Structure formats: structure tokens, C-alpha cells
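Asker: Sharing a structure with you now.
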Amino acid sequence: MAKGLFSYSIGKKFIMGLTGLFLVLFLVVHCGINFLVFLNDGGETFNAAAEFMAHNWIMRTLEIGLFLGFIAHIAQSIILTMENKKARKIGYAVSNANANSKWYSRSMSLLGILILMFLIIHLKHFWIVSRFTDHFSSGDETLYMEMKEVFENPIVVVIYCLAMIALAYHLMHGFQSAFQSLGLNHKKYTPIIKKMGLIYSILIPFIFALMPLAFYFQIIK
Amino acid sequence: MKITLKVWRQKNKNDQGKFETYQLNEISEDMSFLEMFDVLNEQLINENKEPIAFDHDCREGICGMCSMYINGRPHGPLRGVTTCQLHMRSFKDGDTIVVEPWRANAFPVIKDLAVDRTQFDRVMQAGGFVSVNTGSAQDANALLVPKDDADKAFAAAACIGCGACVASCKNASAMLFVSAKISQFALLPQGQAEKKQRVLDMVSQMDEEGFGNCTNTGACEAECPKNISLENIARMNREYLCASLSSEK
Amino acid sequence: MASSKLDSKIPENGNVEQKWTKYRSTVPLINPANKRSIEVIVIGSGLAGASAAASLAELGYKVKVFCFQDSARRAHSIAAQGGINAAKNYQNDGDSVYRLFYDTVKGGDYRSREANVYRLAEVSASIIDQCVAQGVPFAREYGGYLSNRSFGGTQVQRTFYAAGQTGQQLLLGAYSALMRQVNLGQVQMYTRHEMLNTVTIDGKCRGVIARNLITGELERHFGHAVLLCSGGYGNVFFLSTNAMGSNATAAWKAHKKGAFMANPCFTQIHPTCIPVSGEHQSKLTLMSESLRNDGRIWVPKKIEDAKAIREGKKNPNDLKEEERDYYLERRYPAFGNLVPRDVASRAAKERCDAGFGVNATGEAVYLDFAYNLKYKYGMIEAHKHGIKNPTEEQLRKLGKPIVEEKYGNLFDMYKQITGVDPYDNPMMIYPAVHYTMGGLWVDYNLMTTIPGLYALGEANFSDHGANRLGASALMQGLADGYFVIPYTIGAYLNGEIRTKPISTTHEAFEKAENEVKEQISKLLNIKGTHSVDHFHKKLGKIMWEKCGMARNSKGLQEAIQEIRALREEFWKDLRVPGTDKEFNPELEKAGRVADFMELGELMCIDALHRNESCGGHFREEFQTEEGEALRDDANFCYAAAWEYKETNNWELHKEELKFENIKIAQRSYK
Ligand SMILES: Cc1cc2nc3c(=O)[nH]c(=O)nc-3n(C[C@H](O)[C@H](O)[C@H](O)COP(=O)(O)OP(=O)(O)OC[C@H]3O[C@@H](n4cnc5c(N)ncnc54)[C@H](O)[C@@H]3O)c2cc1C
Ligand code: HEM
Ligand code: HEM
Ligand code: SF4
Ligand code: F3S
Ligand code: FES
């Protein structure tokens, strides 16, 4: 690899794009597994899947990769945001940026911070409980039941839903942006990518948001 | 028509600068935006005040010299148009118009609305050329260029170097400008020999000049008076990655 | 009588076809090591300047380039639209070096130097090769080969183009070559610098004084030779198609130091420009000549109609066919709307002067596409679609896309500037100053009458005679820079390899700088009541009315007096705000207008002395019965080179023009 690729602007874009796409993939898997709760079988299938995920060394290793991906994405985004802020120390008195770009394209770091805040809460709810406490070791307490418990609290449900809105906007820009960053822009395919991105960014957060709502309104029991 | 102008005034690079408000009462809607400034300057001179300094030359939308940030947008409210080609009929009687210089660390203000854009020249010096000495060229028709490529290369080469892309980008990134030049040569057979070194050198110089990074916001494309496409930035990214990964240095 | 002070240095060797080749092989060479210690100053970074600077730097000379814009890429050449000629004969339509040579000499109304024009035609093909190699994206055919279009004054397709931005693409090519040399350390760029004086030591040009436009500092620069590539002086007229900053200062300062000014009155007025819309107008925009292929030019037949239109009481579309005067078709049935630029311009002026102008200022005529849109393109389309007896509305609908495809971008630009949609209303156009054929007198080597001082591009007078053909200025600028000066400069520099760089503390530098200082402080200290533009507009008005499209002896004499009076007023009542130690655009303008005030007078003097009509120079006293230009080859077949003596006083030197390869003939377009 060339010396210093990642110290140049385009190298940094490259990392953002790669890690972003990686997280996009993760969400598909995560969403897929969580979707099992909608089977409404009292969490049987879901628990089995979660059990497999939690107690399988391959998955534990992959998890480390996932966390590295998150960290890289977040760290790089912080570096980029700070550098970009510095590139214009004196701003405009009047700005009509809505005329030339979307607000969420300009607010990726803000949306990212919201997602990060969600993530901290989220990990505390499930992951820490599932990995680092003996909460479930007794056997009669399952991850499914934990979810049910957590989502009894309306405040948590609201937080989750708002976070999913932030995620949707983050992805609406991020999905197609990642392809552009990786240099993939094509007269024929880019419009397709953009459409897929839009569908993805609405569908995935929507399904995620359905879960707390479904538990709260006791659609699934 | 009557127009109220709020214009950024700054004596020199080190001055703090502030907005001044001016009232113009007899503006014709056939005037170009810069002609309105001519009228204002004439008025200021008659009042024994300092006229406003601003850059301009061709007044035909091709030299890239004019550069005003008008009501929050570079080159004003219209798309695909430079400041000099903007006419007063795009505004309404009684409007207040705020005019600022391009803002970017890489483009320091020289005076009032004029900024220093020599950074672009230095990026060009780093590799924005084909190394061919006068006299060593072969016959022009010995090199065939598919019409499509020639048209695309031309569309990229139409950049006038005005800097509106930098001015509009929330990150003050110059990627649209740089990618337009890199694309022009990447698309043509003449540019192939130096293609790797060119993109590495130009990007490195671009970074050194203090422009921000691109986060694909797309404002630059929307505000570019010559409609330079974002496709060029993707092409530059691609060229850069290939060059960087295969480079032996 | 030919003047002894003018030696054109046309090579004696061989006939016109051989002169350049033979000369090129005999010009003294300078070895690479010596080149490295020779410094050349280039003023201007347009096509001529950028190409010369890059080529000389490639050869090893140390080059300094100056331009007043913030980047070399913004020189006025960037604005050229149409294209560049070259005798490539890619279209197999019988083009040749000789034909390009012939067309150029004839187009120039037999007032150019044969040997120079032949050389220009000869190197034209290499220019295209060079530009393509640099990556200039010329228009191409589907097969990948270069495309050509035709242009006025010729019957072959020899014009290469890049959409409507040929000048831009060529300049960016030359600019990139220049940037490459800056990167290699061979060229030093001085942007936002204005040259304000030349420095002569022992009769040779040795450097310049330049002002840093940001700090206001005056700088001294030494050079073994100085090349002026500073462009044309059309802005004497205030309103022209030239960029706002285009000026004569560099050439004029050299002129006052001893370089002769040749044929200053030869000005090209382009017939199709967007008319002046009011007093506020700052410059004029060209509408490409190609529009005259499908646009018909007219004014109302009845003066009442013209008046009603001017007052907004009538619309041009209300006028019936028989109420319109298609004056070009009436006067020149053979060429109609496609007569050459000078003829079309004069005819428009004649109608407007007679009171038939159609816009508020009374200075505009119609360029109407409705007829061809409907009855030419609309009919063809109707035919294709099998529509019999189409209605007017149908024809309009069918024809519009065709016109849009051909001229869309020009129509858009027109609408942008005027706010009027030319698909529904006829365009309004009027002639405007566009190009200056006159300039510093140069010999075959492109050297002025000051040894070591050269002039290239539009700044010199050399190749276009009394009228330039379309697409030939770009060709000439690049020919001078890429393929002429790199050879011919050797003839002079060969004698300079022993000249050590002269210290800029030399008294000649001191003196030249003081002259500049004096002028600047004079300008700043008048502290009068009127702005520079106020005077510039007045000068422009005098020039346009009395030394413009049509001139006569009485008007010119008046103009000379008026200019002198205006100049006096200028120096008494000018107000330049600010100081000289800062970025001060008003001060820059003041200096330029001060020079225009003197140049304008010389233009009138030249126009007055030339008792004939030729090309862009039309003296009303010298016309045929039908109102056409009447040349006087017996008495005026020379280039008029003026030597500056003192204020208001010039001495005329004549360079006899010999036509050995082309027979002189009268032009007719009836
Ligand atoms: C609207 C328009 C369209 C045209 N279209 C065509 C066309 O289609 N085909 C064609 O062949 N020709 C065309 N022409 C003519 C052609 O563009 C010019 O004649 C040609 O470009 C002149 O080039 P140049 O290098 O001599 O000078 P310019 O390009 O004018 O450059 C002058 C340079 O000198 C510098 N300079 C001037 N004074 C000073 C000073 N005192 N100190 C320092 N620097 C100075 C300037 O900064 C600039 O860099 C057109 C002209 C116009 C106005
Ligand atoms: C699962 C969660 C996340 C996903 C799927 C995701 C996805 C993406 C994607 C695809 C991009 C576009 C990359 C590109 O343009 O090349 C992106 C950009 C960005 N992300 Fe995230 N992201 C996530 C979480 C976060 C978090 C937690 C933060 C910050 C704390 C963040 C901050 C950013 C920023 C600032 C950008 C803009 C930079 C750019 O566009 O280049 N993201 N994200
Ligand atoms: C709103 C609906 C969501 C629900 C119900 C949900 C549920 C869960 C559950 C139950 C776990 C624990 C799994 C385990 O330990 O095996 C988990 C882990 C995790 N979730 Fe979510 N999640 C949701 C949304 C998200 C989102 C939007 C993100 C990313 C931005 C995310 C990121 C993670 C991560 C990083 C982990 C830990 C890593 C892992 O164990 O795979 N989750 N989630
Ligand atoms: S890319 Fe567009 S906005 Fe940027 S410098 Fe070029 S023309 Fe101006
Ligand atoms: S606006 Fe800026 S972020 Fe990139 S796409 Fe354009 S350079
Ligand atoms: S003044 Fe030349 S582009 Fe506006």
C-alpha cells in the first residue's frame, strides 16, 4: 500500500466509504435476526439465533471486527469534521445552502452523534447485559424477555424511534455517498444505487422502529 | 427599481472588515449585477468615498474572475450563471441584497470582495498538464478520440476556475475544480502517460493548500456556473485509489 | 517613400514559399548552456504570451511572465468563441497553405505583409497538432477524427473548434504548458502585476517597471529581451467586446519610448452584438457570426413604425412582410445577409442614423429567425412528417427544435442578457468594436523598432492588414508564440550571450521608475470631481462617433480637437480615490485611460491621413457610387508606422507593401 494514502483527503474518504458500507451490511444482518421477533413465537427462534450469536467464537471474532469498524468510522468522521470546520474559519453572514444541497447531507456529523448516543444507550440495554452480566445465565431470563422489559418504558421507545429517524437521514445521504467516495459513479448504475439507497434508508430504520413499537403496544407478546 | 445593498467592506487582508449598507434608487432591470456595482461605485466616488473593490474582467461568464456571494449563494440565485451574467431583473424592487466575498481559508480576502485564488494555479502547476514540448507533437488526426470521450473531456475542461465550488462547499473543498482537470486528461489518450503521477501530485497539492475534504454534499455541482458534474469527483477518487494502490513509491 | 527607419527584415532568400524554411535554418542558434543565463520578460499570458513563454522556457531560457489578472488563465483570449483556422485540408475540400495565405491577404484588403502571412499559413497546421497533444478537447466526429466548420470569407472548411469556447480551450492548453514550466522552475509568474514602463539602456530594451497591484509596490525587472503580448486596444471606445481590463498601456509606454505604432486606425467592428441597453452599459457581448446563416436582418420601412416600436407602442411581430426593409438583401442581392463584417456593420449604422433604429436608444436592428424557423426548417419537418398545408403554428412548433439544436446556447445567452426570448421575438443587434488590426510595428522577427523589444499577438500590427478574418486571431497569436518567436528571437539574443544581467539599480531603471511614480502621484493628486469612467465614456463616444464605422475628414479633425480638450480636462478634473500603496482598481483604470486619451488621438490622425477606404477603415469621402469602400492602391499601399515625437506630434514612416504573389483586386459583394 502506498505510503500515506490515508493521510490524504481522498484516502480519508475511502475509509469513510468502506466503513460506512460495512456498517450498512451489519444493519442488514442485525435487522434480519431481530426480524425474527415478529414471528410472534414468544421469542423462541430469536432466542436461538441470539444464543448462537453470543456463544460462538466465530461470531465473537466478527464482533470485534464490527466494533473496529464502528470505531474507525467514528474516529475518521471526527477527524474529517474537524478538518473541514478549519477550512473555513470565517463563515458567511447569510447562507442559503438549502438552494444547493440537502440539510441532511450537510448534517452528517450531527446525525452521526445522535446515532452514537443511541448506540451507547442501546449497548447498555442489550449487549452489556447479554455479554458481561450473568443476567441470562439462569436460563429462565432470555434476550427476548429483556427486550420486552426494556420496551415497556415509553421514553425508551421514543428515543429508539427518534434515533431511527436520525439513522434514516444519515443513510439517505450515506448510502449513495459511499459509492461516490469509492469512485463508483456511472451514468447507468448510479441512479439505481440512489434508488436502492433510498429504499434501504427508509426500510431498515422503519423495521427497527417497529420492534420497540410492537413490544410497547403488545402486538407481539 | 430601488435596491438596498449590504456589502462586505475590508480594507486589506489583515483588516477586520464589516458590512456597509448602501441605497440605490435608480437601478434598471436591464443592468447586469456588476453594472449595478459600477453605478454604486460611481456614486461612492462622487461622495468622495472609497469605491468597492471586486474582481471581474470578461463580463461574459468565461474568464472566471467575478466572484460574489449573493444572498447566501455564490454567483447569486440563478443556476449555471456567473455573477457578471446575472441581471437585475432576477431581483424585485425594494429587495435587500447581501454581498460577501468567497469564504475559505485557502482564499484570503485581498480587499472588499476580491479574494486570492492563486491556490488554484499551484494545484495546476503540480500536474495539470500534459508534458509535451512545443514541436514534438504528431499529426493531430493520428490520435483518435471517440466522440463521447471528447465531449466528456470538453465538458470537464469547461471549468472556468472561478472557485464557486469552494465557496459553496460546506467544507471549502476544491474537489470539483481539481477533479474537472484530472478528468479531462484521464478521459483523453494524451493524458494516459502521466495519469497516475498527475492525480497523486494534484491531490497532494490540493490538500497542502488548505482546502477541506469532500463529503459528497453536492452543493458545488449545483452552484457551478459551468455545470461541472460530480461524476468527475468520483472519477478522481477512482483514479487516485488506483494510482495510490499501484504506485511503487 | 519607404522610411529608412523601417527595415522589415523579410528574408531575401527564395520566393515566398521558401523564405521561412530557409530563414529558420539559418537563424543563429544559442547553445543550451548560454540559454540558461538569458532572461526573457513576457508581458501578457494570453494565447501569444503563454505560448511564447512556455516555448522559450522549454528551450531553456529563464522567463518571467506578467499579467494583471489574478491568474494567467484569465487573459482575454479566454473569451474567443468561434474557432481557429488551419490549412490542414482534413476535409479534402482543396485547402492548402497557399489558399489560407491568399484568403488572409485578400480578407485584409491588401494591407498586410505577404511574407508574414505566408509564414502564418505555413505554421498553422502545427498549431493544431500541438494543441491536440496538450489535450485540448476539440470537437470530433463519430469516427474520432477532428471536426471542422466553415467561417466567413472562405470557401473551405478549415476552422477547428471546441463548441463555442475555442479560445478558452486553446488558452487553457497554453496555460497548462506554462504551469508546467513554472513547476520546473523555468518560469516565474507575476500575476496581479501591471507593466507600466519599459527600460531602455543604450538603445536596447532591458527590462520593465511593474506595479504589484495588491501592495501597490513598484518593481524593477531586468530582461535580455522583452516580449509584449498585451492584446488589443479596442477599449479606447469604452464599449467593446473586449474584457474590461484590456488596455493599451504596455504597448503605449513602449511606443513613447520609441516603438512605432502601425495602422492604429484599423479597427474591426463586428456586426452582430447585443445592443447597448442604457447609459449604465459597461461592455458589449458578441453574438456569433454563424447566426447570420439563418437570421434575416431588417428595420421597419416606415419611420413612423420605427418610432412606434421605440416607444413600445408597436411590436415587431405586428409588422407585415411588406412593411419591413430587409436592407442587406435589398442592397446586396448576391450575398444578402452574409456580406462581410465591415459591410454589414456600416449598413446597420446607416439605417439607424437615418432614424430606423428599433430599441429605446435607436441603435439596433432586427435579426429575425421567424422566417427560416417556419418556412425553412418548419417546412422540411412538415414534409418529413407528411403534413400537407401546415398552419403557421404547426410550422413554428416543428421548426423550433431544429433552431434550438443549432443555436440553443446563443439564444439562451441572449435571453439571459436581454430578458427577451428570441424564439418568439426577433433578436436586436448592433455593431460593436471587436478587434484592432493595428498595433506596434514589428519586422519579420516580430521585433519592434526598439532592439530587444518584441510584440506578439493582437498587440502587433502584422498579419491581418485592414480587416481580420474570423478565426484568424487565435491562429496568429499561437503561431507567434509557439512557432515564430522561439526561432526569430535567436537572431537578437545571439548577440547578447555576453551581456551580464544588468543591475536594477542602474540609473535607467531609476529613471523609468520615477516616470511611473510621477504619473501615479499626478493622477492621485488631481483630486478633481469626476471618475475615470466619466472620462472614458466621453472618449469612447468621440471615438465611436467620429472614428468608428464611418469616418470623414471633418469629423476626424473635430475628434482630434475634442480629444485634446478632453485630455486637458481629464488631467484637471479627475478624481482617483484611495492611495497608491494598496489594491486600487480605480488607479489602474486611470492609468489605462490616460494612455487611451493619447492613443485615441493618434488613431484619428492615422484615419485622417489615410485618404482611402479599406477593410475596417471607411472614409465617407472615398466610396464608390454605390457606397462601397474605395481603395487607393497607388497612394496608400503601405503600413503607416507612427513615431512618437512629443505630445500631439508624431512622424509618419511608411513601409511599402509589395504584392508579388497575389494580384491586387477590388472586393465586391453585389
Ligand atoms: C468576444 C471575442 C471573441 C473572439 N473570437 C475569436 C475567434 O473565434 N477566433 C479568433 O481567431 N479570434 C477571436 N477573437 C480575437 C482573439 O480572441 C484575440 O485577438 C486574441 O485572443 C488576442 O490574444 P493575445 O494573446 O494577443 O492577447 P490577450 O489574450 O488579450 O492577452 C493580453 C494579456 O496581456 C496582459 N496585459 C495587458 N496589459 C498588461 C500590462 N500593462 N501589464 C501586464 N500584463 C498586461 C493581460 O493580463 C493578458 O494576460 C475574439 C475576440 C473577442 C473579444
Ligand atoms: C450503524 C451506524 C452507521 C452507519 C450504517 C453509517 C453509515 C455511513 C455511511 C454509508 C456514510 C457515507 C460514507 C461516505 O460518504 O463515503 C457515513 C458517513 C458518515 N458517518 Fe456514518 N454511519 C453510522 C454511524 C455513524 C456514527 C455513530 C457516526 C458518528 C459519530 C457517523 C458519522 C458519519 C459522518 C460524519 C459521515 C460523513 C462523512 C462522509 O460522508 O464522508 N456515522 N456513515
Ligand atoms: C431499534 C431496534 C433494535 C433492536 C430491538 C435491537 C436489539 C438488539 C439486541 C437484542 C442486541 C443484543 C444482541 C446480542 O447480544 O446478541 C443488539 C446488539 C447490538 N445492536 Fe441492536 N437493536 C436495534 C437497533 C440497532 C441499531 C440501529 C444499531 C446500530 C446503529 C444497533 C447496533 C447494535 C450493536 C452494535 C449491537 C452489539 C453487537 C452485537 O451483539 O452484534 N442496533 N441489538
Ligand atoms: S468547477 Fe465550476 S465552480 Fe468550480 S471553479 Fe470550475 S467552474 Fe467554478
Ligand atoms: S459541495 Fe463539497 S462536499 Fe464535495 S460534493 Fe461538492 S466538494
Ligand atoms: S467577469 Fe469573467 S466570468 Fe464573470
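The values are calculated or read from the model by the stated rules, or taken from the named source; none is laboratory data. Remember, predicted model here, so these are calculated numbers, not experimental data. Glycine also receives a Cβ, built like all others from the backbone with ideal geometry; neighbour counts cover every protein chain displayed. For the accessible areas, the whole protein counts, side chains as well, though only heavy atoms, and no ligand, DNA or RNA atoms are used. Shrake-Rupley method; radii C 1.70, N 1.55, O 1.52, S 1.80 Å.
Asker: Restricting attention to the range B:121-139, which residues are more than 7 Å from chain C (Cβ to nearest Cβ) and either crowded, with 24+ Cβ neighbours inside 10 Å or among the hydroxyl-bearing types (Ser, Thr, Tyr) (or both)?
Answerer: B:Val123, B:Gly127, B:Ser136
Asker: Select, from B:Gly64, B:Gly80, the only residue that is of a type outside the set (A, V, I, L, M), at pLDDT below 95 and within 16 Å of ligand 6 (Cβ to nearest atom).
Answerer: None of the other options fit; the residue is B:Gly80.
Asker: May I ask you to say which residue of B:Lys181, B:Lys196 is more than 11 Å from ligand 5 (Cβ to nearest atom) and over 23 Å from the mean Cα position of the chain (by Cα)?
Answerer: B:Lys196
Asker: Among the numbered criteria (1) within 25 Å of C:Gly203 (Cα to Cα); (2) touching a Ser or Thr at 6+ places or on another chain (Cβ under 6 Å); (3) buried (at least 24 other Cβ atoms within 10 Å of the Cβ); (4) not hydrophobic (A, V, I, L, M, F, W, C), which one does C:Asn445 miss?
Answerer: (3)
Asker: Residue under question is B:Gly161, and the condition is that it be farther than 17 Å from B:Ala234 by Cβ, within 16 Å of ligand 1 (Cβ to nearest atom), touching a helix residue (DSSP H, G or I) at 6+ places or on another chain (Cβ under 6 Å) and among the small types (Gly, Ala, Ser); does it hold?
Answerer: So B:Gly161 fits the description; yes.
Asker: Could you please give the count of residues in the range C:306-363 that are more than 24 Å from C:Met437 (Cβ to Cβ), open to solvent by less than 10 Å² (accessible area, probe 1.4 Å) and among the aromatic types (Phe, Trp, Tyr)?
Answerer: 1
Asker: When you scan the range B:174-205, how many residues do you find that are more than 7 Å from chain A (Cβ to nearest Cβ) and either closer than 14 Å to A:Glu83 by Cβ or among the aliphatic types (A, V, I, L, M) (or both)?
Answerer: Going through the range B:174-205 one residue at a time, the tally reaches 13.
Asker: Right, another one. For the range B:37-61, which residues satisfy the criterion of being part of a helix (DSSP H, G or I) and either within 14 Å of ligand 6 (Cβ to nearest atom) or acidic (Asp, Glu) (or both)?
Answerer: B:Phe37, B:Asp38, B:Glu42
Asker: Need at least 1 residues that are within 10 Å of ligand 3 (Cβ to nearest atom) and not polar (S, T, N, Q) per element, so show me which helices (runs of 4 or more DSSP H) inside the range A:47-153 make the cut, counting only ones lying wholly within it.
Answerer: Counting at least 1 such residues, we get A:57-86, A:108-122, A:128-132, A:143-150.
Asker: Being away from chain C (no Cβ under 11 Å), more than 15 Å from ligand 4 (Cβ to nearest atom), open to solvent by less than 20 Å² (accessible area, probe 1.4 Å) and in contact with a helix residue (DSSP H, G or I) (Cβ under 9 Å, 6 or more places away or on another chain) is the requirement here; does B:Val145 meet it?
Answerer: no
Asker: For B:Cys84, state whether it is more than 14 Å from chain A (Cβ to nearest Cβ), surrounded by 15 or more Cβ atoms within 10 Å (Cβ to Cβ) and part of a loop (DSSP other than H, G, I, E, B). So that I can check it myself, show each step before the final result.
Answerer: Values: more than 14 Å from chain A (Cβ to nearest Cβ): yes; surrounded by 15 or more Cβ atoms within 10 Å (Cβ to Cβ): yes; part of a loop (DSSP other than H, G, I, E, B): no.
It is false that B:Cys84 is more than 14 Å from chain A (Cβ to nearest Cβ), surrounded by 15 or more Cβ atoms within 10 Å (Cβ to Cβ) and part of a loop (DSSP other than H, G, I, E, B).
Asker: Could you pull out the residue among C:Ala50, C:Ala86, C:Ala79, C:Ala121 that is under 30 Å from C:Ala641 (Cα atoms) and at the interface with another protein chain (Cβ under 7 Å from one of its Cβ atoms)?
Answerer: Only one candidate passes the filter, namely C:Ala79.
Asker: Determine whether the range C:416-439 contains at least one residue that is part of a helix (DSSP H, G or I), surrounded by fewer than 24 Cβ atoms within 10 Å (Cβ to Cβ) and without any contact (Cβ under 8 Å) to a residue 60 or more places away in the chain.
Answerer: Checked against the condition, which is being part of a helix (DSSP H, G or I), surrounded by fewer than 24 Cβ atoms within 10 Å (Cβ to Cβ) and without any contact (Cβ under 8 Å) to a residue 60 or more places away in the chain, the range C:416-439 yields at least one hit.
Asker: Looking only at the range C:199-218, which residues are outside any strand (DSSP E or B), of a type outside the set (D, E, K, R) and more than 14 Å from chain B (Cβ to nearest Cβ)?
Answerer: Listed by number, the list holds a single entry, C:Gly203.
Asker: Then there's this: For the range B:50-80, enumerate the residues that are within 7 Å of another protein chain (Cβ to nearest Cβ) and touching a Pro at 6+ places or on another chain (Cβ under 7 Å).
Answerer: Answer for the range B:50-80, where residues must be within 7 Å of another protein chain (Cβ to nearest Cβ) and touching a Pro at 6+ places or on another chain (Cβ under 7 Å): B:Glu50, B:Pro51, B:Ala53, B:Tyr69, B:Asn71.
Asker: Additional query: Could you say which residue among C:Glu122, C:Glu114, C:Glu141 is in contact (Cβ under 8 Å) with a residue 60 or more places away in the chain and open to solvent by 20 Å² or more (accessible area, probe 1.4 Å)?
Answerer: On the way: C:Glu114 fails: open to solvent by 20 Å² or more (accessible area, probe 1.4 Å); C:Glu141 fails: in contact (Cβ under 8 Å) with a residue 60 or more places away in the chain.
Matching residue, one of C:Glu122, C:Glu114, C:Glu141: C:Glu122.
Asker: Let me ask something else about it. I'd like to know if the range B:212-225 contains one or more residues that are under 30 Å from C:Asp129 (Cβ atoms) and within 11 Å of chain A (Cβ to nearest Cβ).
Answerer: no
Asker: Right, something else. Read through the list (1) open to solvent by 20 Å² or more (accessible area, probe 1.4 Å); (2) closer than 26 Å to C:Asn148 by Cα; (3) in a loop (DSSP other than H, G, I, E, B); (4) not basic (Lys, Arg), then give the number of the only condition that C:Phe68 fails.
Answerer: Of the numbered conditions (1) open to solvent by 20 Å² or more (accessible area, probe 1.4 Å); (2) closer than 26 Å to C:Asn148 by Cα; (3) in a loop (DSSP other than H, G, I, E, B); (4) not basic (Lys, Arg), the odd one out for C:Phe68 is (2).
Asker: Another one. Look at C:Gly143 and say whether it is over 23 Å from the mean Cα position of the chain (by Cα) and within 14 Å of chain B (Cβ to nearest Cβ). It would help to see each step written out before you state the result.
Answerer: Working: over 23 Å from the mean Cα position of the chain (by Cα): yes; within 14 Å of chain B (Cβ to nearest Cβ): yes.
Against the criterion (over 23 Å from the mean Cα position of the chain (by Cα) and within 14 Å of chain B (Cβ to nearest Cβ)), C:Gly143 qualifies.
For (1) away from ligand 4 (no atom under 16 Å from the Cβ); (2) closer than 26 Å to B:Gly61 by Cα; (3) open to solvent by 20 Å² or more (accessible area, probe 1.4 Å), each residue gets a yes or a no:
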position	(1), (2), (3)
C:Arg220	yes, no, yes
C:Asn247	yes, yes, no
C:Trp252	yes, no, no
C:Ala262	yes, no, no
C:Gln281	yes, yes, yes
C:Asn293	yes, yes, yes
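Asker: Same structure, new question: From (1) crowded, with 16+ Cβ neighbours inside 10 Å; (2) within 14 Å of chain B (Cβ to nearest Cβ); (3) of a type in the set (Val, Ile, Thr), pick out the condition that doesn't hold for A:Val157.
Answerer: The failed condition is (2).
Asker: I'd like to verify a number: residues in the range A:1-22 that are among the aliphatic types (A, V, I, L, M) and either within 16 Å of ligand 5 (Cβ to nearest atom) or touching a Phe, Trp or Tyr at 6+ places or on another chain (Cβ under 7 Å) (or both), how many?
Answerer: 3
Asker: Continuing with this model, one more query. Could you check the range B:199-227 and list, in sequence order, the residues that are away from ligand 5 (no atom under 13 Å from the Cβ) and not in a helix (DSSP H, G or I)?
Answerer: B:Glu209, B:Gly210, B:Pro225, B:Lys226, B:Asn227
Asker: Could you grab the pairs with beta carbons closer than 7 Å, sequence gap of 6+ or different chains, first residue in the range C:518-547 and under 14 Å from C:Met597 (Cα atoms) and within 14 Å of chain B (Cβ to nearest Cβ), second one assigned to a helix (DSSP H, G or I) and basic (Lys, Arg)?
Answerer: Here the result reads C:Val532/C:Lys589, each pair linking the range C:518-547 to a residue that is assigned to a helix (DSSP H, G or I) and basic (Lys, Arg).
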